[in-house]
1. Every residue in the stretch 140-162 that is within 14 Å of the ligand (Cβ to nearest atom) and over 23 Å from residue 101 (Cα atoms), please.
2. Determine whether residue 36 is in a helix (DSSP H, G or I) and surrounded by fewer than 19 Cβ atoms within 10 Å (Cβ to Cβ).
3. Residues in the stretch 261-303 that are buried (at least 17 other Cβ atoms within 10 Å of the Cβ) and free of Cβ contacts under 8 Å to residues at least 12 places away in the same chain: how many?
4. Hey, among 123, 99, which residue is in contact with a strand residue (DSSP E or B) (Cβ under 8 Å, 6 or more places away or on another chain) and assigned to a helix (DSSP H, G or I)?
5. Can you pull out the residues in the stretch 134-152 that are modelled with pLDDT of 95 or more and out of contact with any strand residue (DSSP E or B) (no Cβ under 9 Å at 6 or more places or on another chain)?
6. When the residues of the stretch 179-216 are filtered to those that are assigned to a helix (DSSP H, G or I) and away from the ligand (no atom under 16 Å from the Cβ), which remaining residue is farthest from residue 301 (Cα to Cα)?
Ligand SMILES: C[S@@+](CC[C@H](N)C(=O)[O-])C[C@H]1O[C@@H](n2cnc3c(N)ncnc32)[C@H](O)[C@@H]1O
């Protein structure tokens, strides 16, 4: 029997290791074939992708890949600026390209895998680079992979951040990467829940990133899966002044791939995120769904 490979780091790398050599993928990225045709190609490639270690459901998520990572982020920033959510749409693309290459080569993942996709990491960096937060909080920071991109922009501009996650093993990996990349001076690691941290902290935050997730078997429905966003948003609201940003992973309500698999994901999101979205509707000036691979929501506190 072949032993199961332990795969760590970005899930995207697994798919990319198979797709990079395929003409259909190259054509999709060059704008030469439509998303529907690319989706059909991915269905045909599913056995090879899964043999490389890609979880079956991520074959469907691959149908949402942007044609171009850079163009996706430029378009979303343009839209956010037009809607008045960002002061401008320009970010330091050269610095991000260097950072992404450095992370691909050297970022340590420990035993963890991540469902943060390249365009989502670039988008978070870009928003942080445009907004220049003074004080950021990441709730459910996991091993700090998504945060890392933004932290580079935040620290370069003299800002400070706290990464909150109750998993000590994840926090150890985050610490290693922060020390390795010279960012530790600008970042506090809080090995606790967001609720506990926020309950004991008087600080306010002008940049809040939500990516926590509870076990789907949690006895409290408010802490099951992404339902925890509602609870964490309630706890962080008193710490968010008017104009503070909220960026969340897994905001997926539009099926850009026209794939029935996403009917179930969207139904689950409606169920889990309903109370969170009600609060967002009351407390944020606007909230935009960016249709990245897993979906990113961005809004600004009203007032
Ligand atoms: C698994 S990660 C999300 C993964 C991320 N989307 C990615 O692919 O990189 C979710 C994290 O939320 C954390 N978490 C769960 N409940 C939390 C809470 N109440 N406050 C802060 N973090 C929490 C978990 O410990 C976990 O590290």
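The values are calculated or read from the model by the stated rules, or taken from the named source; none is laboratory data. As the structure is a prediction and not an experimental result, all values here were calculated from the model. Please note: Cβ atoms are built from the backbone with ideal geometry, for glycine as well, and neighbour counts cover all protein chains shown.
1. Restricting attention to the stretch 140-162, the residues satisfying the condition of being within 14 Å of the ligand (Cβ to nearest atom) are 140-150, 162.
140, 162 - these are the residues of the stretch 140-162 that are within 14 Å of the ligand (Cβ to nearest atom) and over 23 Å from residue 101 (Cα atoms).
2. Yes, satisfied.
3. Qualifying residue count for the region: 1.
4. Result: 123 is the single residue among 123, 99 that is in contact with a strand residue (DSSP E or B) (Cβ under 8 Å, 6 or more places away or on another chain) and assigned to a helix (DSSP H, G or I).
5. Looking only at the stretch 134-152, we keep the residues that are modelled with pLDDT of 95 or more, and these are 134-148, 150-151.
Once the filter is applied, which keeps residues that are modelled with pLDDT of 95 or more and out of contact with any strand residue (DSSP E or B) (no Cβ under 9 Å at 6 or more places or on another chain), the stretch 134-152 yields only 148.
6. As a first pass, look at the stretch 179-216 and keep what is assigned to a helix (DSSP H, G or I): 179-180, 184-186, 194-200.
Subset that is away from the ligand (no atom under 16 Å from the Cβ): 179-180, 184-186.
Working: 179: 32, 180: 34, 184: 28, 185: 28, 186: 24 Å.
Selected residue: 180.
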